[in-house]
Amino acid sequence: MRYRDAKIYVAGHTGLIGSSILRNLKERGFRNLVTKSHVELDLCNQADVRAFFRQDKPEIVFMCAGRVGGIIENRDHPAEFMAQNLAMAFHTIEASQHYGAKKYFFFGSSCMYPRQCPQPMVEEALLTGKPEATSLSYAVAKLAGVSMCLAFNEQYGDCSFIPVIPNNAYGPRDNFDLTSSHVLAALVRKIHEAKKSKSPKVVLWGTGKPRREFVFVDDIADACLFLLERQLANDILPINIGVGEDLSIAELAAKVAQGVGYSGEIEFDSSKPDGAPRKLLDASRLHRLGWQQKVSLQQGLKITYDWYVNEGEKHSG
Ligand SMILES: NC(=O)c1ccc[n+]([C@@H]2O[C@H](COP(=O)([O-])OP(=O)(O)OC[C@H]3O[C@@H](n4cnc5c(N)ncnc54)[C@H](OP(=O)(O)O)[C@@H]3O)[C@@H](O)[C@H]2O)c1
């Protein structure tokens, strides 16, 4: 396996994607792993980021740190989402280049695609239209990060910077806080709580009509480790990470209710925002390279719900 002995830095290793990448690296025998918590190293501080890279000189970087949140968090904190995500991306890309990292993975988002993008969304559609308004700042910062990766590859003549675009991630260690979580974690928590309190109905945000694609977090980690092994050219970057199927939020809620064992009524509050009508990625670039997802939505939901009940519930505010 390439890079088995390389020094690998997983930024944001306490988060949903970072914790999965770290666990997958350990399980596959990578031993030279470096992590720093947010408190130990604030990636918004350029001097501290440079000092860390100067001293530790990571050869591989998985940039899983970010300011992330659901629709309301994004709407209410656009300045923070823009400034922090831009700063973290710039500081880590610049330091990776300066201190000679061989590979750097950057995580873009399906929010970067135009709101009215033809579906499924191909990578070439990026920057062809305006992203959804509720997450515009986040999307623009992410577009800048992806563009910076491509610009560095172009100017420095190699392909060290690998921007990937996973669709909605879910799994163990997701954020189940109702004010800042993403849709799937919020549904799991609300429906679980409705079951526990024997409530005859549960009210969910939006119309239930938007369609979304969900990728189990270990499949995202698996796709990144698959790409780590490959020599990639700038013309196939960035790369979508998707499973090729979406479903409506109402359909997702029904699946979650079935998994949780909740038989009450599911009602939608259409006064709450929906976000983009549909976000399905075209992942044929990645699939043509030979990668396939391993975990179905049904399996992933069960793993996520079991983790929430056994671990997550006691930590959720
Ligand atoms: N979740 C998704 O559906 C999804 C989809 C596509 C792309 N992405 C991208 O993938 C990346 C990881 O997402 P995620 O869902 O795993 O996020 P997450 O669970 O919220 O984790 C984010 C991580 O970043 C750390 N962090 C935040 N600000 C930091 C700072 N200034 N300095 C150092 N560390 C900082 C957090 O530490 P603390 O918790 O201690 O602050 C946490 O470890 C993000 O860039 C996100 O935009 C996520």
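Table: residues versus (1) in contact with an Asp or Glu (Cβ under 8 Å, 6 or more places away or on another chain); (2) without any contact (Cβ under 8 Å) to a residue 24 or more places away in the chain; (3) farther than 15 Å from Phe107 by Cα.
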| residue | (1), (2), (3) |
| --- | --- |
| Ala11 | no, no, no |
| Leu16 | yes, no, no |
| Glu40 | no, yes, yes |
| Lys57 | no, no, yes |
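Checking each residue in the range 24-58 for being closer than 19 Å to Gly100 by Cα and among the small types (Gly, Ala, Ser) picks out Ala47, Ala51.
Scanning the range 133-161 for residues that are crowded, with 23+ Cβ neighbours inside 10 Å and not in a helix (DSSP H, G or I) gives a single hit, Phe161.
The number of residues in the range 276-292 being crowded, with 22+ Cβ neighbours inside 10 Å and not aliphatic (A, V, I, L, M) comes to 1. Residues in the range 178-215 that are over 20 Å from Tyr262 (Cα atoms) and within 11 Å of the ligand (Cβ to nearest atom): Ser180, Ser181, His182, Arg212, Glu213, Phe214, Val215. In a residue-by-residue description of the range 62-71, the property of being surrounded by fewer than 18 Cβ atoms within 10 Å (Cβ to Cβ) and either more than 30 Å from Gly206 (Cβ to Cβ) or hydrophobic (A, V, I, L, M, F, W, C) (or both) applies to no position.
Candidates are the residues of the range 209-233 that are among the charged types (D, E, K, R) and at pLDDT 95 or above; the one that is surrounded by the most Cβ atoms within 10 Å (Cβ to Cβ) is Glu213.
The residues listed here are Val164, Val140; of these, the one that is within 21 Å of Gln84 (Cα to Cα), more than 10 Å from the ligand (Cβ to nearest atom) and out of contact with any Ser or Thr (no Cβ under 8 Å at 6 or more places or on another chain) is Val140.
Of the helices (runs of 4 or more DSSP H) entirely within the range 1-112, those holding at least 1 residues that are under 26 Å from Arg212 (Cα atoms), within 12 Å of the ligand (Cβ to nearest atom) and under 17 Å from the mean Cα position of the chain (by Cα) occupy 16-27, 71-76, 78-98.
The values are calculated or read from the model by the stated rules, or taken from the named source; none is laboratory data. None of these values were measured; they are calculated from a predicted model. Ideal geometry is used to build each Cβ from the backbone, glycine not excepted, and the neighbour counts take in all protein chains shown.
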